[in-house]
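Here the structure is laid out as C-alpha cells; the discussion comes afterwards.
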Amino acid sequence: MTTEKSFAGTTEVKEFPTGVDWINTSQPVSLKDLRGKIVILDFWTYCCINCMHIIPQLRILEKRFVEELVVLGIHSPKFPQEKETQNLRKAVLRLGIPHPVMNDRDFRVWRSYGLRSWPTLMFIDPQGKIMGIHEGEITAVGLGAVIKDMIAEFDQKGWVDRKPLPFQLERPELGPLSFPGKVLADEKSNRLFIADSNHHQIVVADLDGQVLSVAGSGDFGMLDGLFAEATFNAPQGMALVGQDLYVADNENHTIRKLDLVAKTVETVAGVGSQAFQHSDGGDALETALSSPWDLAHKDGMLYIAMAGFHQIWVLDLKKKKILPFAGSGAEGLGDGPLANAKMAQPSGLSIHGDIMYVADSETSSVRAVELRLDGFVRTIVGSDLFAFGDVDGMGEIVKLQHPLGVCSYQDILYLADTFNSKIKRVFPRTKSSMAYLGAGKPGKQDGPGALASFHEPGGLSAAHGKLYIADTNNHLIRVADLATSTVSTLEIKGLE
C-alpha cells in the first residue's frame with residue numbers, strides 16, 4: 001500500500017529580521033501573520049535578467065490564486081547601487097512588482113538559508129514550514145499546476161485562510177515620461193525617438209523636444225495596427241532604417257516595426273512570449289526570443305542585444321530569418337571567436353565601421369564584436385561577472401557598474417555607466433575609460449559635466465554635437481552639449 005506524498009513542509013521558517021526596509025507595504029511583514037497562506041519568497045536582485053523573467057510569471061500566479069497565495073520579494077543585491085532603498089523602490093515601480101519587497105541589503109535572510117544564486121524561490125506552507133526551494137527561472141503554467149494541488153491538499157487539512165491582506169503598494173510617479181529606457185537621435189531627419197518604457201509607447205519628437213507623434217495606446221499588450229491602437233510592453237532599444245523604426249519590445253520578447261509614414265506597427269520577429277531555452281533561430285515570426293534590449297543596423301542586418309540569452313542575434317530584414325550571431329549563450333566574460341565568446345546580459349549596442357560595441361551589463365564591461373562571420377569578440381574594459389566599481393584608468397584597473405547604453409559618435413565612445421549614474425568616455429585603442437558627466441550620486445542636477453547628476457541612465461544617442469541621454473529613473477531626457485560638456489534637461493512639448 002502506498003501513501004500519496006504530501007506537500008506539507010517539515011522545517012520551520014525563520015522569522016524576518018527587524019530593522020530592514022520594506023517597499024509596497026505600510027509596515028514590516030511578519031511571516032507569522034501570513035499563516036493560512038501559501039507563501040513564496042522570491043530572492044532576487046534587480047539587475048538580473050533571470051530575476052526579471054520570474055516577475056511576470058509570479059504576477060500571473062498572484063492574480064490566479066489571489067486568496068490563497070502571497071509572494072514576498074527578498075531583494076539581496078549584487079551591486080552596491082542596488083543596496084539603497086531609494087534605488088530599489090524605483091526598480092519595484094519600473095518592474096511593476098505587485099507584492100511587498102524587503103531590502104535584504106546585508107544578505108541577512110539570504111545567508112540564513114545558505115542560498116547560492118539569483119533567482120531562488122522558497123515555498124512555505126500555510127503552517128509556516130518550508131516545503132522546498134527552486135533555483136532559476138520557472139513558468140507560471142508549470143508552477144500553477146503544483147500550487148493548485150497544494151491548495152487542494154491544504155484545504156482538506158483546513159489550513160487555508162482566504163482573508164485578504166492589506167498591503168499598500170507604492171504609487172507610480174506621474175509625468176510626461178515614465179522610466180524611458182532608450183533614446184535614438186537622427187541627424188538626417190532631425191528627429192528624436194524615445195522608448196517611453198513604462199508608458200508602453202514610442203514617442204517621436206524633433207531634436208528640440210516637440211512631439212510629432214506617439215506610437216502605442218499606453219496600455220501594455222502586443223497589438224499591431226495604427227499608432228493609436230497598437231500596444232507594446234516595456235519597449236527598449238530602437239534602430240532607424242529609412243522610414244522604418246525597429247523596436248526591441250522587451251517584455252513581449254519581440255521585434256516590432258514602425259512605419260513612420262503610414263503610422264502603423266507590425267511585429268517582425270518573435271512569437272509574443274519568452275523562449276525558455278536557447279535555439280538556433282529560424283523564421284523570424286516562428287522563433288521565440290528572450291528579452292531583446294537594444295538594436296543596431298548595418299547593411300540590411302538588424303543586430304539584437306538578446307539579454308535573456310546572453311548573446312547578440314541578427315535579423316536579416318530581407319530574408320526574414322533570425323539567428324544567433326555572437327556569444328555561446330553561456331553567461332560570463334570570455335573573448336574569442338563569435339560562437340565561443342561569453343557575454344552576460346548585453347544591453348546596449350552601437351556600430352562604428354565594422355565593429356559593434358556592446359555594453360555587457362552583468363560583466364560591467366564594454367565588448368567589441370567584429371561584424372564578419374569569422375570575427376572575434378574582444379573586451380575593451382571590464383574583467384569578470386563580479387568585478388565592478390567606479391574606477392577610471394587603463395586596462396584591468398578600470399571598473400564599471402552595470403552599464404546599459406553605449407554610443408559611438410565622431411570617433412569617441414560614450415558609455416552610460418548606469419549604476420554609477422555617470423556618463424563615461426571609453427577609448428578602445430588604449431583600453432581605457434574616464435568619467436565625463438555626472439557626480440556619481442543619483443540626482444537630476446543640470447550644469448557643468450562633473451557637477452551634473454543622473455539616476456541610472458540607460459540609453460545614449462548623439463546628433464549635431466549633442467548627446468541625448470535617457471535618464472531612466474528621473475523620467476527625463478537629458479542633453480549634453482559635447483563642445484561645452486554642459487548638461488541640460490530637454491523639455492518634452494506636446495505630450496500629456
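The values are calculated or read from the model by the stated rules, or taken from the named source; none is laboratory data. What you see is a predicted model; the values in this text were computed from it and never measured. Here the Cβ is made from the backbone with ideal geometry for all residues, glycine too, and neighbour counts use every protein chain on show. Remember, those area values only see protein heavy atoms, side chains included, never the ligands or the DNA or RNA. Shrake-Rupley method; radii C 1.70, N 1.55, O 1.52, S 1.80 Å.
Laid out as a table, the results:
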| read-out | value |
| --- | --- |
| Members of the range 372-393 that are open to solvent by 30 Å² or more (accessible area, probe 1.4 Å) and of a type outside the set (S, T, N, Q) | Arg372, Leu373, Asp374, Phe376, Arg378, Asp384, Leu385, Phe386, Phe388, Asp390, Val391, Asp392 |
| Test set (1) over 16 Å from Met238 (Cβ atoms); (2) out of contact with any strand residue (DSSP E or B) (no Cβ under 7 Å at 6 or more places or on another chain); (3) not in a helix (DSSP H, G or I) - Asp149 fails condition number | (3) |
| Criterion violated by Phe276 - all others in (1) over 19 Å from the mean Cα position of the chain (by Cα); (2) assigned to a loop (DSSP other than H, G, I, E, B); (3) hydrophobic (A, V, I, L, M, F, W, C) satisfied | (1) |
| Condition check for Gln156: open to solvent by less than 70 Å² (accessible area, probe 1.4 Å) and at pLDDT 95 or above | no |
| The range 1-22: number of residues that are polar (S, T, N, Q), assigned to a loop (DSSP other than H, G, I, E, B) and either surrounded by 15 or more Cβ atoms within 10 Å (Cβ to Cβ) or touching a residue at least 40 places away in the same chain (Cβ under 8 Å) (or both) | 2 |
| 2 or more residues farther than 13 Å from Leu58 by Cα and modelled with pLDDT of 95 or more: qualifying strands (runs of 3 or more DSSP E) within the range 95-139 | 101-103, 129-135 |
| Qualifying residue in the range 174-181 (condition: assigned to a strand (DSSP E or B) and surrounded by 19 or more Cβ atoms within 10 Å (Cβ to Cβ)) | no |
| Subset of the range 320-337 that is open to solvent by 10 Å² or more (accessible area, probe 1.4 Å) and of a type in the set (A, V, I, L, M) - its residue that is farthest from the chain's Cα centre (by Cα) | Leu323 |
| Which numbered condition Asp481 fails, given (1) touching a helix residue (DSSP H, G or I) at 6+ places or on another chain (Cβ under 9 Å); (2) open to solvent by 20 Å² or more (accessible area, probe 1.4 Å) | (1) |
| Candidates Phe376, Phe325, filtered to the one that is among the aromatic types (Phe, Trp, Tyr) and farther than 27 Å from Val247 by Cβ | Phe376 |
| Subset tally (residues that are within 30 Å of Pro172 (Cα to Cα), buried (at least 16 other Cβ atoms within 10 Å of the Cβ), in contact (Cβ under 8 Å) with a residue 40 or more places away in the chain and touching a helix residue (DSSP H, G or I) at 6+ places or on another chain (Cβ under 8 Å)) for the range 422-478 | 9 |
| Test: residue in the range 114-128 that is closer than 27 Å to Asn250 by Cβ, of a type in the set (A, V, I, L, M) and out of contact with any Leu (no Cβ under 9 Å at 6 or more places or on another chain) | no |
| Pair list, Cβ < 7 Å and 6+ apart or interchain, from the range 35-50 residues that are within 24 Å of Glu331 (Cβ to Cβ) and open to solvent by 10 Å² or more (accessible area, probe 1.4 Å) to residues that are among the hydrophobic types (A, V, I, L, M, F, W, C) and assigned to a loop (DSSP other than H, G, I, E, B) | Cys48/Trp118; Asn50/Trp118 |
| Unique residue being at pLDDT 95 or above, closer than 18 Å to Pro166 by Cβ, hydroxyl-bearing (Ser, Thr, Tyr) and open to solvent by less than 60 Å² (accessible area, probe 1.4 Å) when the list is Thr85, Thr25 | Thr25 |
| All positions within the range 257-278 that are modelled with pLDDT under 95 and crowded, with 16+ Cβ neighbours inside 10 Å | His278 |
| All positions within the range 185-209 that are closer than 16 Å to Asp219 by Cβ and open to solvent by 10 Å² or more (accessible area, probe 1.4 Å) | Asn198, His199, His200, Gln201 |
| Residue tally, condition aliphatic (A, V, I, L, M) and not in a strand (DSSP E or B), over the range 201-215 | 1 |
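For every residue, the table says whether it meets (1) of a type in the set (A, V, I, L, M, F, W, C); (2) under 30 Å from Phe454 (Cβ atoms).
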site: Ser117; (1), (2): no, no
site: Ile133; (1), (2): yes, no
site: Gly144; (1), (2): no, no
site: Lys157; (1), (2): no, no
site: Asp161; (1), (2): no, no
site: Glu170; (1), (2): no, yes
